[in-house]
Amino acid sequence: MGFEATQCHHEGTAMNGRLARGLGLPNGGTVLMFPGATGPSPSFDAAMEELADAGYLVVHANVYGEEVDMASSQTAGQGFAALMAEPARLRGRVLAWFEHVRELDGVDPHRMAALGYCFGGKCVLELARSGAAVRAVSSFHGLLTTHAPAQPGIVSARVAVWTGGDDPYAPRPDADALQAEMDTAGADYQFTLFAKARHAFMDPDHDGFAPGIVYDRTAHRIAWAGTRALLSETIGGHPG
């Protein structure tokens with residue numbers, strides 16, 4: 001399967017992404033996928049292809065501008081740090097991707113979901129917190145803090161959060177705060193904590209990349225199966 005190029009713009013910054021389409025009949029649902037801080041890995045691309053084969057239009061949403069060299073972990077890290085220091089701009093870029101994809105040919109704007117890994121997990125939570133009309137979001141070992149918590153009644157998405165109990169980048173206080181935020185907002189959410197899992201448990205390509213980053217095959221399989229079920233229930237199948 002090949003990937004098609006697509007480009008999104010936000011406040012004068014061009015962001016290059018990719019589309020994956022399956023060879024079978026599309027089911028009409030669209031999935032935005034946000035990678036971790038260092039960009040897409042082979043396992044990320046494999047997940048895109050799996051969803052495309054299942055009939056979804058899948059979009060790799062890259063929130064970095066063209067000036068960020070994704071071939072270098074150092075420069076990618078600088079791009080990550082810059083956006084973490086400007087959280088309102090980050091949320092704006094995530095929303096720009098959502099609006100860009102809504103306008104693509106063949107996209108049903110009422111049947112869109114978003115998945116994210118690590119930094120991308122933060123991106124999809126920011127999308128849900130914004131009140132965007134996204135049907136579902138799934139955050140895999142995402143960063144859980146925010147500059148602007150969801151307000152009561154604003155979250156329309158069904159939210160799935162998969163996190164590690166031993167994740168140094170998303171410690172228990174952050175997990176507790178997110179659940180309290182979702183409760184206050186009245187969100188329809190599901191929170192799964194794998195007690196012994198660490199950061200990036202869904203990403204075999206970065207196993208051991210840095211302290212606290214450890215792949216966990218069992219947690220990966222459970223979170224992915226749950227997410228596939230969530231997509232099927234919210235945007236899968238053909239319109240009635």
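The values are calculated or read from the model by the stated rules, or taken from the named source; none is laboratory data. Source: prediction; values computed, not measured. All Cβ positions, even for glycine, are placed from backbone atoms using ideal geometry, and neighbour counts span all protein chains on display. Note: accessible area is taken over every heavy atom of the protein model, side chains too, but ligands, DNA and RNA are not part of it. Shrake-Rupley method; radii C 1.70, N 1.55, O 1.52, S 1.80 Å.
Step by step: first the residues of segment 192-208, then only those that are more than 10 Å from His141 (Cβ to Cβ) and without any contact (Cβ under 8 Å) to a residue 60 or more places away in the chain, then the one that is most open to solvent (accessible area, probe 1.4 Å). Which residue is that?
Lys196
Could you list, in sequence order, all residues of segment 107-154 that are within 21 Å of Gly39 (Cβ to Cβ) and among the acidic types (Asp, Glu)?
Answer for segment 107-154, where residues must be within 21 Å of Gly39 (Cβ to Cβ) and among the acidic types (Asp, Glu): just Glu126.
Within segment 210-229, track down each residue that is in a helix (DSSP H, G or I), of a type in the set (A, V, I, L, M) and surrounded by fewer than 21 Cβ atoms within 10 Å (Cβ to Cβ).
Within segment 210-229, the first condition is being in a helix (DSSP H, G or I), and the residues that meet it are 217-229.
Right, trim to of a type in the set (A, V, I, L, M) and you get 219, 222-223, 225, 229.
If the condition is that a residue be in a helix (DSSP H, G or I), of a type in the set (A, V, I, L, M) and surrounded by fewer than 21 Cβ atoms within 10 Å (Cβ to Cβ), then Ile222, Ala225, Ala229 are the ones that fit.
Taking segment 101-127 as the region of interest, how many residues are more than 15 Å from Leu230 (Cα to Cα) and small (Gly, Ala, Ser)?
Qualifying residue count for the region: 3.
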